[in-house]
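The values are calculated or read from the model by the stated rules, or taken from the named source; none is laboratory data. Remember, it's a predicted structure, so these values are computed and weren't measured experimentally. Cβ placement follows ideal geometry from the backbone for every residue including glycine, while neighbour counts extend to all protein chains displayed. Ligands, DNA and RNA are stripped out before the accessible areas are found, and what is left, the full protein with its side chains, is counted by its heavy atoms. Shrake-Rupley method; radii C 1.70, N 1.55, O 1.52, S 1.80 Å.
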Amino acid sequence: MSTFKPGDPVQFGYVRMHKGIFVTPNSPKQVKAVKESPGGVTKYDVQFLDAEGNPHVIENVPESDLQKG
């Protein structure tokens, strides 16, 4: 069972790099999609906005990397 659902605000517990863009705690982030596998492993697609306000999606983020936003 997934902890987060699409639209939930989330945070990373650290500064993350995605395609040359730093994803900081100040970057707005939300769950875009939930991917549950039969083995009980849940991964998420997380959308964030860069400094210019453009949306980007980080795919297959493990639940252990996310915190409630």
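The relative contact order of the chain, computed from alpha carbon pairs under 8 Å that lie at least 6 residues apart in sequence, is 33 percent. Rg/Rh for the stretch 26-69 stands at 1.03; both radii use Cα atoms, and Rh follows the Kirkwood definition. Solvent-accessible area of the chain (1.4 angstrom probe, protein heavy atoms only): carbon and sulfur portion equals 53 percent. Once the 1.4 Å probe is applied to the protein heavy atoms, the stretch 28-69 comes out at 60 Å² accessible per residue.
For the stretch 35-43, the Karplus equation 6.51 cos²θ - 1.76 cosθ + 1.60, evaluated at θ = phi - 60°, returns couplings of 10, 9, 9, x, x, x, 8, 10, 10 Hz by residue, with Gly and Pro reported as x.
Close Lys pairs in the chain, defined as Cα atoms under 12 Å apart and 8 or more places apart or on different chains, number 7. Using the Karplus relation 6.51 cos²θ - 1.76 cosθ + 1.60 with θ = phi - 60°, the per-residue 3J(HN,Hα) values for the stretch 11-26 come to 9, 8, x, 7, 7, 10, 10, 9, 6, x, 10, 6, 9, 9, x, 6 Hz, with x marking Gly and Pro. What residues have an amide H closer than 5 Å to that of Lys29, excluding those fewer than 5 places away on the same chain, when H is modeled at 1.01 Å from N in the peptide plane? When sequence neighbours closer than 5 places are left aside, the close amide H contacts are Val10. Placing a label point 7 Å from the Cα of Lys19 along the Cα-to-Cβ direction, the residues of the stretch 44-69 whose backbone N falls under 17 Å from that point are 45-61.
Couplings 3J(HN,Hα) of the stretch 44-61, computed from phi: 10, 9, 10, 9, 9, 9, 7, 4, 8, x, 7, x, 9, 10, 9, 8, 6, 7 Hz, in residue order, whole Hz [Karplus 6.51 cos²θ - 1.76 cosθ + 1.60, θ = phi - 60°; x for Gly and Pro]. Between Asp50 and His56, the built amide H atoms are under 5 Å apart, and every one of these is 5 or more places off in sequence or on another chain.
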